[in-house]
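The structure appears below as structure tokens.
What follows draws every value from the coordinates through simple rules; no lab data is involved. Keep in mind that this is a model prediction, so the values were computed, not measured. Methodologically, a virtual Cβ is constructed for each residue, glycine included, from the backbone with ideal geometry; neighbour enumeration extends over all protein chains shown.
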Amino acid sequence: MATARPLAGPNAASDTARPLAWWRGAVIYQIYPRSFADTNGDGIGDLAGIAERLDYVADLGVDGIWISPFFTSPMKDFGYDVADYCGIDPSFGTFADFDRVVETAHKLGLKVIIDQVYSHTSDEHPWFRESRAGRTNPKADWYVWADPRPDGSPPSNWQSVFGGSAWQWDGPRKQYYLHNFLTSQPDLNVHNRDVQDALLDVARFWLARGVDGFRLDALNFSMHDPELRDNPPSGLPMEQVTRPFDMQVKRFNQSHPDIVVFLERIRGAIDEFPGRFTVAEVGGPEPLAEMKAFTQGGKRLDSAYNFDFLYAPRLTAPLVRASLSQWSGAQDEGWPSWAFSNHDAPRAVTRWTLDGDMARAARLNLLLLLALRGNPIIYQGEELGLPQGEVAFEDLLDPEAIANWPHTLGRDGARTPMPWAADAPQAGFSSANRTWLKRDPVHAGFAVDRQAADPASTLAYARRLLRLRREHPALVHGGIELIETPQDILAFLRHDDEAGTVLCVFNLGEAPGHWSAPASLGTLRLLATESRFGPLEAVPEALAPGTGYWAAAGAG
């Protein structure tokens, strides 16, 4: 007999005992600005393009947008190498354009969240230029510098995410500097209180400009072991290794325990501007533990997400159960966020389609993502069922993709231009003859204008599902209970004392499954499946692979 196992709820974790912040259960739509919409014909998406397309985003039914970096940058890592935290790169527009984005979003009822990159800068940042000029200047200790070992080798064995040593020799200082990513992305010494103060001033600058919160990039890389101890080997089998970075346990080059102290300083600065939201990207050696540490106790960050789903080659019931089981809903516990796709990871619909029915997989992904307790993050194009773009080697721009070719680590395929109009040049993204990253011609068939006219499209499904979620607050902020089920069947309840209970069931296996809901739930009224909306039929007991449903429990 199926039984329910409470994780966060049903009562204490329904989160109705205290006033709810706007972000609790909010759906966030991620915009990668280079690929969203180009208005000036240079082939690069811009802030004006975001402003012009915000009606579309608002019509989806989401609560806010997260905009990836648009700051001044040499673009060697396409904006995540910041040369001026308080500047806008001319390729994206001006402050007037940014202010228009914020103003338009707020008029449409959308919150605006922007990236903050506190672990590293570009080597063109004025801070780094001053720091490398000598060992005694005011910013000499603003980055992570170290002398070579006696034999001239790097100070530790740490490896860069993008391949090779994480240390780069610098002639002017006759020292190595740390770079966890590209050699052109030197790591800030966030142990330094002056560096923290400067970063907090950056946060205040954008909060005063009207943003509603931050997504904090690579936050667990922001502090290192000051003793520069070598990382131990990971012991990973060579067939699972894609780069030297994989061959170490990242014990000393990231996830330093003092990061949480800095987070409390960040929270203090953000609380000067009430009603703001913070979400961290966490990809450390123990991401779930770090997610909890970063969000614990109401004096750090509001939320965090990890890579449980972003790089998973398969979507399985055990994977989802394991992730959900980490969040009990305890009083001082933070609030999770969830992402299946983003600008760094191959699109989930491509990774998780088993039988070639990509449209069904896209809808099932949305049905699951929007049922999870936490903040769902939808990446641009996910609402279209957009698959991973095909990018030929000669057209690659992503340094990670080029370094690891032909391995699928590359990020370009998730960053190809957004298709707006099927029959327009560049699928409506730009009037340029060539866009910054070549679009995949296949994507024109997924264009917004074509799907908007089709009531059976993935876009139409996404809009209806988001509206349905709002109509059932238990799905927004309710507690969650996992139900014991056969291996490939995932079932859980979302419950709110005032708003009722919704049963969410999914067959994530490759074979048909049979499962009956507990009789204690009473009459079940079908709300939605991966292909249609209820009430259309009885709640199914036979579940084909890659199918699922939401049903209101105790319905009359």
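Annotations
- Vicinal HN-Hα couplings computed from phi for the range 250-266 (Karplus, 6.51 cos²θ - 1.76 cosθ + 1.60; Hz; Gly/Pro x): 7, 7, 10, 9, 7, 6, 5, x, 6, 4, 5, 5, 5, 4, 5, 5, 4
- Available extension along the chain between Glu541 and Ala146 is 135.9 nm, counting 0.36 nm per residue and deducting the alpha carbon span.
- Surrounding net charge for Ala401, when Lys and Arg each add one and Asp and Glu each subtract one, Cβ distance under 9 Å: -2
- Its residue count N fixes a reference of 2.2 N^0.38 Å for the range 21-153, and the Cα radius of gyration divided by that reference is 1.32.
- Cβ-Cβ FRET estimate between Asp258 and Glu286, R0 fixed at 22 Å, reported to 0.05: 0.85
- Cross-link pairs beyond the 30 Å C-alpha cut-off, checked among Lys174/Lys299; Lys111/Lys299; Lys76/Lys107; Lys107/Lys139; Lys107/Lys438: Lys174/Lys299; Lys76/Lys107; Lys107/Lys139; Lys107/Lys438
- Linear extension gain, Ala452 paired with Glu52, 0.36 nm per residue minus alpha-carbon span: 142.3 nm
- For the range 259-327, the list of chymotrypsin sites (Phe, Trp or Tyr not before Pro) that fall in a loop by DSSP and count at most 14 other C-beta atoms within 10 angstrom reads Tyr311.
- Debye log10 I(q)/I(0) for the range 475-553, one point scatterer per Cα, at q = 0.12, 0.27 Å⁻¹: -0.30, -1.44
- Amide H partners (placed H, <5 Å) of Ile88, local residues excluded: Thr72
- Candidates per trypsin sites (Lys or Arg not before Pro) in the range 35-144, loop by DSSP, up to 13 other Cβ within 10 Å: Arg135
- Where labels lie 7 Å past Cα in the beta-carbon direction, separation of Arg229 and Asn40 in nm: 5.0
- Full-stretch length increase - Ala322, Ala432 - with 0.36 nm per residue and alpha-carbon distance subtracted: 35.0 nm
- Here the range 74-121 is treated as a sphere whose radius is the Kirkwood value from Cα pairs; by Stokes-Einstein at 20 °C and 1.002 mPa s it diffuses with a coefficient of 176 µm²/s.
- What the pair-distance distribution of the range 360-489 shows, using all Cα-Cα distances binned every 10 Å from zero, is 11, 32, 29, 20, 7, 0 percent.
- Amide N of the range 527-556 lying under 17 Å from the label point, which is placed 7 angstrom from the Cα of His514 along Cα→Cβ: 539-545
- FRET efficiency, 1/(1 + (r/R0)^6) with R0 35 Å, evaluated for Met238 and Glu484 via beta carbons: 0.35
- Proportion of all alpha-carbon pairs of the chain beyond 35 Å (%): 36
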